[in-house]
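A short worksheet on the structure shown next.
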């Protein structure tokens, strides 16, 4: 799937589950488990509980995502 096909959501990090996996409560009351993108790991961008993030979610499975930006 191309990067253009993903749905962009914004939300708040509610839990850190370890291994770069986080639970995010989106603005439209959807809970998403997401991992940090490789670019965020490479540049050592820290994401903590309470941070607002942008999540890319597949239209086929909206429970898993990829954290692409920290707001």
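Any read-out appearing in this document is the output of simple, stated calculations on the displayed coordinates, not a laboratory observation. Just so you know, these numbers come straight off a predicted model, no measurement behind them. Here the Cβ is made from the backbone with ideal geometry for all residues, glycine too, and neighbour counts use every protein chain on show.
Considering only the chain, what is the antiparallel percent among its DSSP beta bridges, to the nearest 5?
85 percent
How large is the helix-only mean residue ellipticity at 222 nm for the chain, computed as the sum of -39500 (n - 2.57) over DSSP H runs with n ≥ 4, divided by its residue count, in deg cm²/dmol to the nearest 500?
Result for the chain: -1500 deg cm²/dmol, rounded to the nearest 500.
What is the fewest-to-most order of 48, 22 by other Cβ atoms lying within 10 Å of their Cβ?
Lowest count first: 48, 22.
Cα-based Rg of the chain per 2.2 N^0.38 Å, rounded to two decimals?
For the chain, the normalised Cα radius of gyration comes out at 0.99.
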